[in-house]
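Okay, so here's the structure we're looking at.
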Amino acid sequence: MPADKVVELSGRQLRRLPLRVCAFGALVKLYLSDNRLSQLPPELERLQHLQLLALDFNEFRALPGAVCALRRLCTLYLGNNRLRDLPRDLCRLQNLRTLWLDANRLSRLPAAVCDLRLLRALHAGSNALRALPARLRTLRRLRSIWLSDNQLPAFPPVLLRMPLLEVIDVDRNAIRAFPSLAHLPALKLVIYDHNPCRNAPRVRPGVRRVGRWADDSPEPARHVLPSPEPAAPQPRPCAGGGGGVAVATTAAEAAA
């Protein structure tokens, strides 16, 4: 058994997990990143003390069932694989706090994610997501959500109903207009750059915005009428004559 209860096997070009690893029943962290793995043995289920499992940068098309049996997992790295969905049994990981799904082939957020009641950070960038499920709101512990480089055509409405979110990243999507986020009291950072938007999201004072027209750049002026050419001097009206009419130079003044 490794003295520090950690096994590091990243970058070994492994196609199979050595079965002897599954004999370390007290193992806490297992790093298998950057290999050529597409499956894992059922014996992995023996690692019931495992808290961190790194499977990113491999060749998984489906999540091995043995992973869903590791009930003490707190952190699971699945980024840069070929996943199109996740099994329903993922909901068995009720201690999961951080889930990385970046750079897979997800066209929707797997339903099981919404059952991970202790989840605090969800990384789902570089997929093909076009929407988020309304059930995401049930994740009351979620504090950060990372959705950059997807296909969201609009800001996900469910995020407006999650007042405890601290970080929202929707960089590199297809969002054309942002709603106000000023009602989210816990928000600290919103990243919205590289969208075809015409406005920056409104936020509470002290919230950092990253994108066009952020804190140090004004938003583009909208519906401003051109100022009239200076008029030639006119003779003062005779006493008792009618006053002049003021010209409205902006839409707001015209509507006043």
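The values are calculated or read from the model by the stated rules, or taken from the named source; none is laboratory data. Owing to the predicted nature of the structure, the values given are computational and were not obtained by experimental measurement. Glycine gets a Cβ as well: all are built from the backbone with ideal geometry, and neighbour counts include every protein chain shown. Accessible surface is based on the protein model in full, side chains and every heavy atom, while ligands, DNA and RNA are left aside. Shrake-Rupley method; radii C 1.70, N 1.55, O 1.52, S 1.80 Å.
Can you give the log10 of the normalised intensity I(q)/I(0) at q = 0.19, 0.20 Å⁻¹, computed with Debye over equal Cα scatterers of the stretch 103-173?
Rounded to two decimals, the profile gives -0.69, -0.77.
Stretch Gln48-Leu164 to full length: gain in nm at 0.36 nm per residue minus the Cα-Cα span? It would help to have the intermediate numbers written out before the result.
Numbers: separation 116, 0.36 × 116 = 41.76 nm, distance 3.12 nm.
Separation in residues times 0.36 nm, less the Cα-Cα distance, equals 38.6 nm.
Grab the Cα-Cα distance for Arg176 and Arg12, subtract it from 0.36 nm times how many residues apart they are, and report the gain in nm with one decimal.
54.7 nm
Along the charge dipole of the stretch 1-105, pointing to its positive end and built from +1/-1 on Cβ of Lys, Arg, Asp and Glu, which listed residue (Leu44, Ala26, Asn95) has its Cα farthest out?
The one lying farthest along the dipole's positive direction is Leu44.
Gain in length, Arg36 to Arg82, computed as 0.36 nm per residue apart minus the alpha-carbon separation, to one decimal in nm?
Contour length minus the Cα-Cα distance gives 15.4 nm.
Measuring from label point to label point, each 7 Å out along Cα→Cβ, what is the Arg130 to Asp4 span in nm?
4.6
Taking a 1.4 Å probe, which of His49, His183, His123 shows the most accessible area, and what order do the others take after it? If you can, show how the numbers build up before the last one.
Details: His49 80, His183 100, His123 25 Å².
So the residues, ranked largest to smallest area, are His183, His49, His123.
Between Arg140 and Arg61, what is the label-point separation in nm under the 7 Å Cα-to-beta-carbon projection?
It works out to 4.1 nm between the two label points.
Per residue, how large is the accessible surface of the stretch 1-105? Use a 1.4 angstrom probe and give square angstrom.
Roughly 50 Å² per residue, with all protein chains present.
Separation between the Trp213 and Ser107 pseudo-spin-labels, each 7 Å from Cα along Cα→Cβ, expressed in nm?
Computed distance between label sites Trp213 and Ser107 equals 3.4 nm.
When the dipole is taken about the Cα centre of the stretch 1-105, and only Lys, Arg (+1) and Asp, Glu (-1) are charged at their Cβ, what size is it in debye, to the nearest 20?
Here the stretch 1-105 has a charge dipole of around 180 debye.
Please calculate the 1.4 Å probe accessible area of Arg84, with all protein chains present, and give it to the nearest 10 Å².
150
For the stretch 16-115, what is the per residue volume of the convex hull drawn over the alpha-carbon atoms, in cubic angstrom?
Enclosed volume per residue, from the Cα hull, is 77 Å³.
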